[in-house]
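Working notes, structure below.
The values are calculated or read from the model by the stated rules, or taken from the named source; none is laboratory data. As the structure is a prediction and not an experimental result, all values here were calculated from the model. Neighbour counts are summed over all protein chains in view; Cβ atoms, including those assigned to glycine, are modelled from backbone coordinates with ideal geometry.
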């Protein structure tokens, strides 16, 4: 399994506090079946703005530490970049802050709004050869009430990353319903733990992947948990499935699911 979203690097954001916690998180990930993991520390203007070189150095050090402790896991550099027009100055082309230094960038929306410049932000990235991967859309209160926005972004080539904890209910029933809806609508392309520690919000994918297998089947689960992320880390194109449109009039995404599927 591939975990494309973790805050596992020590002392760089609100994730792992030190190398001991990073190592403990790695042990949990390996035990749960994760074979490949991307370190995606927050990159937020005015809050956390680590240099790409620091992220790469810390990732390499963590990989060495894993080897020293006999842990078989591949670790790649990346970032979770907060949407903001100022950050575009650091995103001139594929490479720095992108997943494994390639052409895919993990992007996080502001927690309480969808900026008016969102379309311009995504367009600018794509014009520079960078494909946005939207982090945990199931958690966003406005986005999940207006799924038609997601359709427009998907039509333009964006990918969606859902959190394992969102799918298994760790973020609450509403978020879980949102994640289930996205999965049932063929709108989930990759999964991530969004892990922040070893005691809570841990780097565990196993339960979510089992649930995906029941809901979407083994073939689709294989794409989401292995094939698509492998292509992303290799900067290869990801073939997306046709999503199932859901018309919305500001209802919750769960209501759409009940109306569409249960009649």
Counted residues in the stretch 23-55 being under 17 Å from residue 98 (Cβ atoms), outside any strand (DSSP E or B) and either within 17 Å of the chain's Cα centre (by Cα) or modelled with pLDDT of 95 or more (or both) come to 8
For the stretch 148-201, list the helices (runs of 4 or more DSSP H) that sit wholly inside it and hold at least 1 residues that are under 29 Å from residue 27 (Cβ atoms) and within 14 Å of the chain's Cα centre (by Cα); which are they?
164-168, 173-184
Lone unmet requirement of (1) touching a residue at least 12 places away in the same chain (Cβ under 8 Å); (2) closer than 28 Å to residue 75 by Cα; (3) touching a helix residue (DSSP H, G or I) at 6+ places or on another chain (Cβ under 7 Å) for residue 213:
(1)
Filtered residue count, the stretch 155-194, keeping only those that are closer than 19 Å to residue 126 by Cβ and crowded, with 19+ Cβ neighbours inside 10 Å:
7
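Looking only at the stretch 171-201, count every residue that is within 18 Å of residue 12 (Cβ to Cβ) and without any contact (Cβ under 8 Å) to a residue 60 or more places away in the chain and tell me the total.
Residues that pass the stated criteria total 1.
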For residue 162, all conditions in the list (1) farther than 24 Å from residue 101 by Cα; (2) at pLDDT 95 or above hold save one; what is the number of the exception?
(1)
Do we find a residue being closer than 22 Å to residue 234 by Cα, surrounded by fewer than 17 Cβ atoms within 10 Å (Cβ to Cβ) and either modelled with pLDDT under 95 or under 21 Å from the mean Cα position of the chain (by Cα) (or both) anywhere in the stretch 10-19?
no
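Per-residue answers, yes or no, for (1) within 13 Å of the chain's Cα centre (by Cα); (2) touching a residue at least 24 places away in the same chain (Cβ under 8 Å); (3) within 23 Å of residue 164 (Cβ to Cβ):
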position	(1), (2), (3)
106	yes, yes, yes
111	no, yes, yes
125	no, yes, no
130	no, yes, no
138	yes, yes, yes
